[in-house]
Each structure stands twice: as C-alpha cells, then as structure tokens.
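Working notes, beginning with the structure itself.
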Amino acid sequence: MSTEEELPPSKLGTKEYWDKVYEREVGVFQDTGDEGEVWFGERAMVKMRDWVYANCPPVQQGKRIRVMECGCGNATLLLSLLTPPANDDDEEDDIDQSASFNRFYPNQLTGIDYSEASIKLAQGVAQQRRDKWRRKVEKAKKADENGENKGDQQLDDARGVKEHQDELSEDDDEDYDSDDDSLSPASLELNDPLLTTSPLFITGDLLTFRNIRDLYSALPESDTWESNADIDEPWDLVLDKGTFDALALSQDTIPVPITDANGEEKVVQRLPSAVYPEKVAQLDSNISE
Ligand SMILES: C[S@@+](CC[C@H](N)C(=O)[O-])C[C@H]1O[C@@H](n2cnc3c(N)ncnc32)[C@H](O)[C@@H]1O
C-alpha cells in the first residue's frame with residue numbers, strides 16, 4: 001500500500017474554487033452582514049470550541065495563549081474561542097488558584113488562509129462582531145444607568161446563551177442561530193475579550209511557506225509590530241476544521257527538496273495530503289528553514 005494514498009480529485013482541492021467561494025461571500029457580507037458558511041455546521045464548531053475549553057490544560061499566569069487556525073475561512077471557529085462555553089465558570093473553580101495557573105483562555109488568535117478573499121471576510125466578520133457587541137453592551141449599560149431596569153434584562157438576555165448552549169446537544173444545526181447571542185461571552189463588559197482581542201489574519205499557503213517569517217511578511221505594516229514580538233514563540237494550539245479534508249482532494253503535487261540516503265539534494269513531487277502535516281508541524285518550530 002502506498003504511504004501517500006490518493007483521493008479522487010475535486011474542485012474543493014483548488015485555490016480557484018475557494019477564491020470564488022469567498023469572493024461571493026465577501027459580496028454577500030458587504031450587502032447583508034451575513035458571515036457566510038460554517039463548514040460542517042455550527043454544531044461542529046461549537047463542539048470543537050467546547051473540546052478546546054475542556055481539554056487544554058491551565059497555563060502559567062500572565063502567559064499569552066497563542067492559537068492558530070490553518071485555513072481559517074471566515075474565522076467563525078477562531079472567533080468562537082473568545083466565548084467560553086456556558087458551564088466554563090464551574091471549570092474555573094476546579095483550578096487551584098494558589099498554583100499561579102490560569103485556565104486556558106486564548107488571547108492571541110491567528111488565522112491563515114491562502115485565499116485573500118477569505119482573509120478579507122474574516123477581518124470583516126471579526127470587526128462586525130466587535131461592533132455589535134460594543135453596541136449591545138453600551139445600550140444595556142445606558143438603560144441600566146437610566147434606571148430602566150431593562151439594562152439588567154438586556155444583559156440577562158444576552159447572557160441567555162447559556163440555556164441555548166445546554167440545549168445544543170439536542171438541537172439540529174438548522175435550529176441554531178449564532179446571531180441570537182448564543183455565542184455571547186459570559187461577562188458583558190467593555191473589556192471583554194471579544195472587544196479587546198485583535199485576531200491576526202494572514203494570507204498564506206500552508207503547503208509552500210518556507211518558514212513562519214514568510215507568512216508574517218504578508219501582514220500589513222500596522223500588524224507587524226504586534227506579531228514580531230511573538231514570532232519566535234510556539235503556538236499553544238493549532239486548529240484545523242476542514243482544511244486537511246479540502247487539500248487532500250488535490251492531486252497537484254508540490255515540489256519538496258530532500259536529501260537522499262547518499263547525502264545528495266534533490267526535489268521530489270509529493271501530494272498535498274503528505275506535505276501538509278509536516279508543514280503544520282513546522283509552524284511550531286517557527287524560524288527553522
Ligand atoms: C472547508 S474550508 C474550512 C474553512 C474554516 N476552517 C471553517 O471551518 O469554516 C477549507 C479552507 O482551507 C483553505 N485552504 C485550503 N488549502 C489551503 C492551503 N494550502 N493554504 C491555506 N489555506 C488553505 C481554504 O481557502 C478554505 O478556507
């Protein structure tokens with residue numbers, strides 16, 4: 001059996017396909033604010049988010065938690081990490097506060113995708129969520145200050161997510177609407193991570209980058225000051241939802257330089273499905289060639 005098994009080729013394995021998808025979705029987003037398709041459905045996204053919170057170990061206090069999503073698309077998975085699951089407060093109680101550890105709470109998010117339009121969409125979605133959240137918090141606080149009591153109600157409504165999330169395991173995807181505050185953070189504050197975390201979105205090909213600096217070099221000047229500080233640090237978590245699946249459907253081989261058993265350097269052609277895991281592993285060793 002070959003170690004590099006081939007799947008039947010599909011348009012989902014081509015950049016042209018994804019460019020078209022996201023160019024269309026950017027158009028719809030600009031017209032209507034619709035965030036676009038969530039691959040495998042909202043339920044899969046929420047399951048992954050919940051898995052992260054349930055399984056990632058507590059980290060040293062003050063440490064930044066760096067999360068990267070490979071092939072981030074519209075970034076809905078990445079952004080969902082800014083909203084802990086409804087029962088997460090209980091989890092926090094389990095952490096020994098004297099041990100100077102904090103629970104895992106991602107506060108530096110990076111998304112990479114080779115489709116420029118997807119990066120544009122991801123940036124738009126992140127901004128739109130921030131704006132919506134800020135308006136909601138400000139409105140609720142104003143109502144509260146005016147003694148309208150509605151403030152509390154609005155805050156509670158926004159927090160009402162919790163019930164939704166508990167029900168989610170029984171719900172069908174169709175019944176789940178991310179716009180109904182179901183992904184709202186537990187604490188409705190202006191210093192909420194949803195407002196204070198600025199995700200970094202990078203256009204880059206995960207099959208062909210030479211090293212992490214290659215990827216970061218695609219960032220605009222305004223973003224590089226922030227990223228340069230962390231460029232050599234490993235990621236705490238690297239996520240993939242649907243990206244490996246998509247690129248495994250491509251049979252456009254990638255030229256990969258290797259040194260053979262005789263110490264000679266040569267270039268071999270390899271399938272994306274074989275190259276990708278190695279490239280993802282390389283993300284962690286950052287500056288190595
Ligand atoms: C099925 S979509 C999933 C998008 C997103 N992760 C989600 O769950 O909504 C696959 C994504 O992988 C991206 N992608 C495919 N091959 C890639 C590559 N070689 N480098 C970077 N991104 C890639 C596509 O542009 C697309 O956004």
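With neighbour counts taken as other beta-carbon atoms within 10 Å, the residues Glu42, Glu138 rank, fewest first, as Glu138, Glu42.
Listed by chain and number, the lysines whose alpha-carbon sits under 22 Å from that of Lys20, ignoring those within fewer than 8 places in the same chain, are Lys11, Lys120, Lys241.
Protection proxy ranking, highest mean first, for peptides 234-241, 54-61, 102-109: 102-109, 234-241, 54-61, where packing is the per-residue count of other beta-carbon atoms within 10 Å, averaged.
Since every read-out is calculated from the coordinates, none of them should be taken as a lab result. None of the values given here were measured: they were computed from a predicted structure. Please note: Cβ atoms are built from the backbone with ideal geometry, for glycine as well, and neighbour counts cover all protein chains shown.
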